[in-house]
Amino acid sequence: MLAASLATGPVAAEPDQARPTIRDLGRAPGVLSPGPLNAITDVAGVRVGQVTLRSGDSVRTGVTAILPHGGDLFRDKVPAGLSVANGFGKLAGATQVQELGEIETPVVLTNTLSTARGIDGILDWTLKQPGHEDIRSVNAVVGETNDGGLNDIRARVVTAADVVRAIETATPGPVEQGAVGAGTGTIAFGFKGGIGTSSRKLPASLGGFTVGVLVQSNFGGVLSMDGTPIGVPLGRYYLRQEIEAERADGSIMIVVATDAPLSDRNLERLADRAFAGLARTGAAFSNGSGDYAIAFSTHEGVRRTPERRAGQATVADWPNDRMSPLFVAVVEATEEAILNSLLKAETTTSIIGGQTVTVEALDVEAVKGLLAAGR
């Protein structure tokens, strides 16, 4: 029988407390302060739900759902922007986001071969909502990374019902990190990857807005933490000549939320800058790595309500000349979210193709030593 666990809210977040975040190790990437939770849910209204699937020797996968607000997502759409550093991946709904600059569903993350199940789940959930009886088209947004290194991905165990559960159990508050939800079977920099999150709060003089980031890390490169080399001293990194199998392929999904009143054009610019945070961690941006960032705004003044969509409307618009602090915020939050996804993940063993595979978590004590030496 499939073992499923729901990872939502403060109670479900307890299992990962044994492993630290980067801040627990005394390092705080960047210059801006985080929100109170240091999570994407610091952006008011944003909710996260996760379903973790672990079963037998080879099922290590799951679903992570991000809801921009707790209302009717289809009726009250939010502006959004998309940035693609490398399109070798599957992001369902991407072209409509680019064309219309908005999203109308939860953003669901899962594994590569479950992208269609993610769409089915979003459709099941959206169509059954009260007042949606007349809907005949829904643009479901589903991102993925390939967790086939630790998960029997061809078994396609994720169901539409799992996706609906992730959406329906989404809550504000703490977000569980590491080998949970869509990050249950992922690998990053040769270590166990997973789900990570972080946020930044701008001072009042710069607008007082919050930027939150959630990542699904599953890529390679030469790991660096807050400017300190980690991968090379630990002997695990891309292009290490003695290890031909050390690959940089994989993918990352970066989801950015903000309460700043941004147009879809400036949200695309914000998503663009998320990749600077990815680069700071030492990502290789390799041929086989699908690298996507999607950003949305929850601000009431830019929400695309039925009334605003019915005719000419006046909306709030944060000016270009004041965007730079938000750019810094997304860079810092993305970097920290990725580092948290690694530090919070636990060593995972699976049997894939008849072979036992163990992907080790980062050695926390070794990382502590390297960070201390690199101050």
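Bear in mind that the values in this text are calculations on the coordinates, not laboratory data. Keep in mind that this is a model prediction, so the values were computed, not measured. Backbone-built Cβ (ideal geometry, glycine too); neighbour counts: all protein chains shown.
Looking at region 3-368 alone, DSSP beta bridges between its own residues are antiparallel in about 80 percent of cases. Taking 14 Å as the straight-line reach from the Cα of Lys368, the aspartates and glutamates in range (excluding those fewer than 8 positions away in the same chain) are Asp24, Asp226. Relative protection proxy for 145-152, 80-87, from highest mean packing down: 145-152, 80-87 (other beta-carbon atoms within 10 angstrom). Quick check on region 92-139: take the gyration tensor over C-alpha atoms, sort the square-rooted eigenvalues as a ≥ b ≥ c, and tell me if it's rounded (a/c under 1.5), prolate or oblate. Taking the square roots of the gyration eigenvalues as a ≥ b ≥ c, region 92-139 is oblate.
Here the residues Val59, Val364, Val163, ranked from fewest to most Cβ neighbours within 10 Å of their Cβ, fall in the order Val364, Val59, Val163.
Computed from the C-beta positions of Val232 and Gln355 and an R0 of 41 Å, the FRET efficiency is 0.90 to the nearest 0.05.
Just tell me which aspartates and glutamates come within less than 16 Å, Cα to Cα, of Lys90; anything on the same chain fewer than 8 places away is out. Result set, ordered by chain and number: Asp120, Glu144, Asp147, Asp249, Asp291.
For Gly250, the residues whose amide H sits under 5 Å from its own are Gly288, Ser289, Gly290, ignoring neighbours fewer than 5 places away on the same chain, with H placed 1.01 Å from N. Pick from Pro174, Pro229, Pro319: which is most flexible by mean-square fluctuation in a GNM of the chain where alpha carbon atoms under 10 Å apart are linked? Checking each option, the largest mean-square fluctuation is seen for Pro319. Reported to the nearest whole Å, the Cα centre-to-centre distance from region 122-177 to region 318-369 is 22. Put in line by how crowded their Cβ is, counting other Cβ atoms within 10 Å and starting with the fewest, Phe327, Phe88 read Phe88, Phe327. Rg of the Cα atoms in the chain, relative to 2.2 N^0.38 Å, amounts to 0.92. Taking amide H as placed 1.01 Å from N in the peptide plane, Phe191 has no amide H partner under 5 Å among residues 5 or more places away or on another chain.
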